[in-house]
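Here's the structure we're looking at; comments come further down.
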Amino acid sequence: MIKGVIFDLDGVVVDTAKYHFLAWKRLAEEFNYEFTEKNNELLKGVSRVRSLEIILELAGINLTENEKSELAEKKNNWYVEYILKMDESEILPGVVDFINLCKGENMKVALGSASKNAELILKNLKLLLCFDVIVDGNKISAAKPDPEVFLKAASELNLKPENCVVFEDAEAGVEAARRGKFHVIGIGSPEILKAADYVIPGFKGRGIELFSEM
Ligand code: BG6
Ligand code: MG
């Protein structure tokens, strides 16, 4: 029986995946590497530092830890510039209604995100109160596909993984949910999110019938 729902943030609650992409692409241009949308799939759900390492590996570039932290900070400054301009139209369609439906059925609601900017985004878009529990990149040490973020969220909700559904748009996030023994619904493309229980394009028009076979 489903008693809790855990939402990833970027690409599930808010349309920020495009801003991560733009900021990484801008950074990659500085070392003349053409970063594509296809490459970007590898970064979804992955921590900031690990994302940078993946781009550097793709571009065949070796840097010191100091140089890497400077670049990660630069990318983040651009990313924060983009997200500070976001407004409520960038909350993904139907997600707030869906959260309210879950609450109406007495389910508990958590955020499980790798982002260290999660609270900033939720605060700006007035979404903080949607969540009973928020676990973000500042509270975890192991990045997705490690299940730590979801296990922590379930534990703060006082629920077992088998009683929770994770919503994820990233391959690494779906894998993290699987490793933690959660139910997982992918948001996006079934070709990419193969390991999910099932995949939907978005929340618009969806209700808790989504959980009927879980
Ligand atoms: C995830 C995104 O939610 O957060 C990744 O899917 C991102 O693309 C990661 O790298 C870390 O985000 P931030 O905001 O801490 O750089
Ligand atoms: Mg995501």
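Just to check your reading of the model, which residue among Glu162, Glu168 is assigned by TED's automatic domain parsing to the domain that holds Lys108, among the acidic types (Asp, Glu) and open to solvent by less than 80 Å² (accessible area, probe 1.4 Å)? First the steps, then the outcome.
Numbers: Glu162 fails: open to solvent by less than 80 Å² (accessible area, probe 1.4 Å).
Just one listed residue meets the conditions, Glu168.
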- Restricting attention to the stretch 116-133, which residues are within 13 Å of ligand 1 (Cβ to nearest atom) and either part of a strand (DSSP E or B) or open to solvent by less than 10 Å² (accessible area, probe 1.4 Å) (or both)? Ala118, Ile121, Leu122
- Which condition number does Ala143 fail, the rest of (1) open to solvent by less than 10 Å² (accessible area, probe 1.4 Å); (2) within 12 Å of ligand 1 (Cβ to nearest atom); (3) touching a residue at least 40 places away in the same chain (Cβ under 8 Å) being met? (1)
- Pick from the stretch 13-48, criterion near ligand 1 (Cβ under 9 Å from one of its atoms) and β-branched (Val, Ile, Thr), ranking: modelled with the highest pLDDT: Thr16
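Matching residues to (1) in contact (Cβ under 8 Å) with a residue 40 or more places away in the chain; (2) open to solvent by 10 Å² or more (accessible area, probe 1.4 Å); (3) more than 17 Å from Tyr82 (Cβ to Cβ); (4) within 12 Å of ligand 2 (Cβ to nearest atom):
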residue: Asp10; (1), (2), (3), (4): yes, yes, no, yes
residue: Val14; (1), (2), (3), (4): yes, no, no, yes
residue: Glu29; (1), (2), (3), (4): no, yes, no, no
residue: Phe35; (1), (2), (3), (4): no, no, no, no
residue: Asn40; (1), (2), (3), (4): no, yes, no, yes
residue: Arg50; (1), (2), (3), (4): yes, yes, yes, no
- Filtering the stretch 187-213 for residues that are open to solvent by less than 50 Å² (accessible area, probe 1.4 Å), over 15 Å from Pro93 (Cα atoms) and either among the hydrophobic types (A, V, I, L, M, F, W, C) or in contact with a Phe, Trp or Tyr (Cβ under 7 Å, 6 or more places away or on another chain) (or both) leaves a count of 5
- Message: Being part of a loop (DSSP other than H, G, I, E, B) and of a type in the set (S, T, N, Q) is the filter here; which residues of the stretch 134-169 pass it?
- Response: Asn138, Ser141, Asn158
- Message: It is to be established whether one or more residues within the stretch 59-71 are in contact (Cβ under 8 Å) with a residue 40 or more places away in the chain, outside the structural domain of Ala170 (by TED's automatic domain parsing), surrounded by 15 or more Cβ atoms within 10 Å (Cβ to Cβ) and within 16 Å of ligand 2 (Cβ to nearest atom).
- Response: no
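The values are calculated or read from the model by the stated rules, or taken from the named source; none is laboratory data. This one's a predicted model, so the numbers in the text were calculated from it and none came from an experiment. Cβ coordinates were reconstructed from backbone atoms using ideal geometry, including for glycine residues, and neighbour counts include every protein chain displayed. Quick note on the areas: whole protein, heavy atoms, side chains included, nothing else; ligands and nucleic acids left out. Shrake-Rupley method; radii C 1.70, N 1.55, O 1.52, S 1.80 Å.
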